[in-house]
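Just so you know, all these numbers are worked out from the coordinates, no wet-lab data involved. Values in this document were obtained by computation on a predicted structure and should not be read as measured data. In this analysis, Cβ positions are derived from the backbone assuming ideal geometry, glycine residues included, and neighbour counts consider all displayed protein chains.
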Amino acid sequence: MSTVAATVTSSGEAVQFWILGTVAVIGALATILMKKAVHSALSLAGTMIILAVFYLANGAYFLGVVQVIVYTGAIMMLFLFVVMLVGVTAADSLKETIKGQRWMALLCGLGFGILLFTGIGHAGLNHFNGLGRINSGGHVEGLAQLIFTKYVFAFELTGALLITAAVGAMVLTHRERTERAATQRELAERRVREGVQLPPLPAPGVYARHNAVDVPGLLPDGTPSELTVSKTLRARGQIRDVSGEALDDLKALEQRSAERLGREEASK
Amino acid sequence: MENLIALLIAAPLLGAVVLLCGGRRLDRTGHWIGTLLAAVSFGIGVALFADMLGRSADDRTLTQNLYTWIPVEGFQADMAFQLDQLSMTFVLLISGVGTLIHVYSIGYMEHDERRRRFFGYLNLFVAAMLLLVLADNFLLLYFGWEGVGLASYLLIGFWQHKPSAATAAKKAFLVNRVGDMGLSIAIMLMFTTFGTFAFGPVFGAVGEASEGMLTAIGLMLLLAACGKSAQVPLQSWLGDAMEGPTPVSALIHAATMVTAGVYLIVRSGAVFNAAPDAQLVVVVVGAVTLLFGAIVGCAKDDIKKALAGSTMSQIGYMILAAGLGPIGYVFAIMHLVTHGFFKAGLFLGAGSVMHGMNDEVDMRKYGALRKYMPVTFVTFGLGYLAIIGFPGLSGFFSKDMIIEAAFAKGGTEGWILGGVTLLGAGITAFYMTRVMLLTFFGEKRWQPDAQGHEPHPHESPKSMTIPMVILAFGSVFAGAFFEIGERFLTWLEPVTGYEHGNPPVSAMTVTAATMVMLLAGVGIAWGMYGRRPVPVLAPRGSFLTRAARRDLYQDDFNHVVLVRGGEHLTRSLVYVDHSLVDGVVNGTAASVGGLSGRLRKLQNGYARSYAVSMFGGTAILIAATLLMRAV
Amino acid sequence: MNPVNYLYLAALLFTIGAVGVLIRKNAIVLFMCIELMLNACNLAFVAFSRMHGNLDGQIIAFFTMVVAAAEVVVGLAIIVSLFRTRHSASVDDASLMKL
């Protein structure tokens, strides 16, 4: 680690930078180019872990750890939860619908990047002070000193911000019930009145081999019954149709039993 | 005495208000009220006249200032009246002939259920006409001028159930409007030039104005006179105006209202005297109309339209005389008064004939009426003799004086004008003889009317014949009364001025020439209509006859030039409006709209689009920052 | 190697994140891209902290993380309620502002 003011880092760090930097860029590109949101999330998580390593390399040990715990651990998990809610398998269409949007985006991005690079190049940042002197009294202690003295108000405000955000998220996702929930009795009465499906819906699953909720139950003639699987799965198109398999199995079973009975008959 | 002037107007005005607002309860007495109030006005006029005669010639002008009409600083219009010899002449003519015609109308309109209204309109007319001649400023004159126009409109269209009458009224109103525009412009010009429009100050300040301005004012006044007096080019309404009841034709469209133009020119003599160019135009208009009306009068078979042509022609005489300047003013007014008598008499006679002939107006269906309507025949005959200028009757004196004055103008102009007036006298003799022969002589050519009723000509009731007799009396003696001892000249000269001029020929020669023309006209008419039987259906006639029957194509001319021209102008204006004006406006709107439409596409509602804009903006900001640092 | 390279890397990641925000329609991925941009900023802050030899940069990065966490919480809540009502997480579907 750099403990002295320098303009050049150690070659070990250089190797680490080039290898991990390349991976980070690939991860970032994958984030924006992957069709499925879950892949994007995983790519982003990878990039964030690499960034955590870079924080460590830059002497920001605390931040490096926080990055892994808070970002990669908590925030990315939150993302994944939402992705699950929306549907893991749902793939986005990468086809652009707004005319010229992609070209404009690329053009702006390219211009922005070139300008940023030019700006950094012009800044003439060659001198490194390093963090050795600052970290001498203990890195976390140094940070704590700053947070609780110089940045104490900002710190308190971020606390308030977090509380507000938590409450806001609850308010946003909370659904107010505008009418009393129907009782079991009312539900049963309604079912009788409508007369569509009096008994409970048939259970999903076929035999002991396929009793998962996404496998529809088979009717006597071997065709699957859509009624047996949940509405949500039907809407998402996530029903596993095993009817062909089941019919094959049935056929094979019958054949086997016939062979066996035949043999038994033959042995008699 | 001067306090009576307002009463002159107030009496018939009261009559108009009472009759028009009184409702049906006045239906049975309305005509008496109207006639009485007209007579009251005449009585006051006579009293004022007697008073005026009792004073010296320089002291005869009376003024009465009722109140300030429009009290605006720098724009003072008074409700003020001026009664001088000129106004007095008109007052007596209007209220006198007016009263007679009121009396006549009692009989003539007896069977009309809207008689009360008719008398209300007549009273309104008399009031407005008196206001016109009594006003002491041009604005008040304009008020009266519009008042008589309104009354004329109402009376021409009195039988509004006839589409022709309604159209004729509208036509008269519209054509008059052109003339009224001239009068209003003239008043505006006067106000900008002199700062006032009262007679005295304006005429007193004529010397200070430029001749160009005076010519402009004069021409505008002439335009007004042309409209009201049916002079070329605004003559077209008078023939159609005969759709009104005959007493109206007699009072308004023969004796009084149509002479308002002559009054206006004579009254504004000071302006015209200082603008010779305007005077020349006046003379030309008079001469042209004189011949125009006479030619039209020769060809018309409708007795009232023939008389209307004659009226036009006679007013042409007056306008011509008025255009001659101080030589002719007096004679213009004199002819106006005598014409008022004999033309009103002729019209009343024509009305009497129509009354007896089931309202038939075609002279070709009359004939031999002298035995059946003796009073009408005699009075009409006297009027006829007066208008053709039979020696000793009114028309002889007044017309002769105008012809002499025309010659007295001097130079080539004088010869031309003299020739025209002489020719006019000949044509007058021709067409009036024709009317006389067709109506009262020859064979019976009566035809049953549309309902199959055979006409039973009979003499009209007393209420109709008495006014005719009185007017015939005036037709015979007025001229001689005015001329002997030059009474009329002496009477009017203080107001209008007079100069004798230098006639290149003697008065006797002019009279002789007039007599020759008269005899020629009568002789030709006798040859054409007296010796031979007259066909009931009009023959095709020569080109000139056909043209004259169509009023010398005046309506066609108006239609082609004014109506079509106006339509073309309107259409091109509409085109310009649509293509150019609307083009600019709509083009601006369309280009703004198009631009907005394109800008609107930027607002496509997609958050990502907005994000691109933001991102691009950020890039530009960085570029700007870098550039600022680099510089 | 010059540590400035960290800044270049941060700039590159930021730009990639920004372009991702512009070209992706899925609101969740969009949020990820925003996180990527925030992380790129954090990297720059950390690199600056090392250059200047003080901890302020790291403190700022720390705050950034807190703000990012709050933002993600609220943002994801919005996405969830949006998904509930529209059955779609596409940002283009929420374009009612246009005419």
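Working note: Karplus 6.51/-1.76/1.60 with θ = phi - 60° gives segment A:161-172 the couplings 4, 5, 4, 4, 5, 5, 4, x, 5, 5, 4, 5 Hz, where Gly and Pro are set to x.
Could you give the angle, 0 to 90 degrees to the nearest 10, between helix B:507-525's Cα long axis and the longest principal axis of the Cα atoms of chain B? The angle comes out at about 90 degrees. Here is the P(r) of segment A:149-193: all C-alpha pair distances, binned every 5 Å from 0, give 5, 17, 11, 10, 10, 9, 8, 7, 6, 5, 5, 4, 2, 1, 0 in whole percents. Overall shape of segment B:421-549 was characterised from the C-alpha gyration tensor. The equivalent ellipsoid obtained from it has semi-axes of 37, 24, 13 Å, in decreasing order.
Taking a quarter of the surface of the Cα convex hull of segment B:184-259 gives a mean projected area of 5.9 nm². One decimal place: the segment A:Asp221-A:Ala182 gains 10.4 nm when fully extended, by the rule 0.36 nm per residue minus the C-alpha distance.
With the biggest extent put first, the Cα atoms of chain A measure 95, 59, 49 Å across the principal axes.
When the alpha-carbon atoms of chain B are used, the pair Rg, Dmax equals 30.8, 124 angstrom.
Work out the P(r) tail for segment A:15-73: percent of alpha carbon pairs separated by more than 14 Å, whole number. Result for the distance tail: 54 percent.
The distance from the alpha carbon centre of segment B:261-292 to that of segment B:94-125 is 33 Å, rounded to a whole number. In order along segment B:345-351, phi translates into HN-Hα couplings of x, 4, 5, 4, x, 4, x Hz, rounded to whole numbers, per the Karplus curve 6.51 cos²θ - 1.76 cosθ + 1.60 with θ = phi - 60° and x for Gly and Pro. Taking every alpha-carbon pair in the protein assembly as shown and binning the separations at 20 Å intervals from zero gives 11, 27, 12, 6, 12, 20, 11, 2, 0 percent. I need the shape label for segment B:1-91. Rule: rounded when a/c is under 1.5, else prolate if a/b > b/c, else oblate, with a, b, c from the alpha carbon gyration tensor. Oblate is the answer for segment B:1-91, as a/c is 1.5 or above yet b/c matches or exceeds a/b. Based on the reciprocal of the average 1/r between different C-alpha atoms, the Kirkwood radius for segment B:54-136 equals 15.1 Å.
Per the Debye calculation on segment B:50-92 with a single equal scatterer at every Cα and no solvent contribution, log₁₀ I(q)/I(0) for q = 0.16 Å⁻¹ amounts to -0.53. Stokes-Einstein at 37 °C, 0.692 mPa s, Kirkwood radius from Cα pairs: D for segment C:3-99 in µm² s⁻¹? In µm²/s, the coefficient rounds to 222. A cut-off of 5 Å between modelled amide H atoms, ignoring neighbours fewer than 5 places along the same chain, links B:Asn65 with B:Phe81. Computed over chain B, relative contact order equals 12 percent, with contacts defined as Cα pairs under 8 Å that lie 6+ residues apart. In this structure, the amide hydrogen of B:Asn137, modeled 1.01 Å from its nitrogen in the peptide plane, lies closer than 5 angstrom to those of B:Phe199, counting only residues at least 5 positions away or on a different chain. The coefficient of translational diffusion for segment B:405-458, derived via Stokes-Einstein from the alpha carbon Kirkwood radius under 20 °C and 1.002 mPa s, stands at 148 µm²/s.
For B:Asp302, the residues 5 or more places off, or on other chains, whose built amide H falls under 5 Å of its own are B:Met363. Value of Rg to Rh for segment B:504-545, rounded to two decimals, is 1.22; Kirkwood radius and Rg both from alpha-carbon coordinates. Averaged over the residues of B:598-606, the number of partner chain Cβ atoms lying within 10 Å of the residue Cβ comes to 4.
Taking the longest Cα principal axis of chain B as reference, the axis of helix B:115-134 is set at about 80 degrees. Return the loop-located trypsin sites (Lys or Arg not before Pro) in segment A:135-243 (DSSP other than H, G, I, E, B) with at most 12 other Cβ atoms within 10 Å of their own Cβ; answer none if there are none. Within segment A:135-243, the qualifying trypsin sites (Lys or Arg not before Pro) (loop, at most 12 other Cβ atoms within 10 Å) are A:Arg175, A:Arg177, A:Arg180, A:Arg209. Computed from Cα atoms, the angle from the helix C:4-23 axis to the main principal axis of chain C rounds to 10 degrees. Spin-label model, B:Ser506/A:Glu194: points 7 Å from Cα along the beta carbon direction are separated by 13.4 nm.
Output the relative contact order of chain A, whole-number percent, from Cα pairs under 8 angstrom with separation of 6+ residues. Provide the component values of the computation, followed by the final result.
Numbers: 187 pairs, mean separation 35.0, N = 268.
After rounding, I find 13 percent.
Spatial offset of segment B:12-49 relative to segment B:192-218 amounts to 38 Å, using the alpha carbon center of each.
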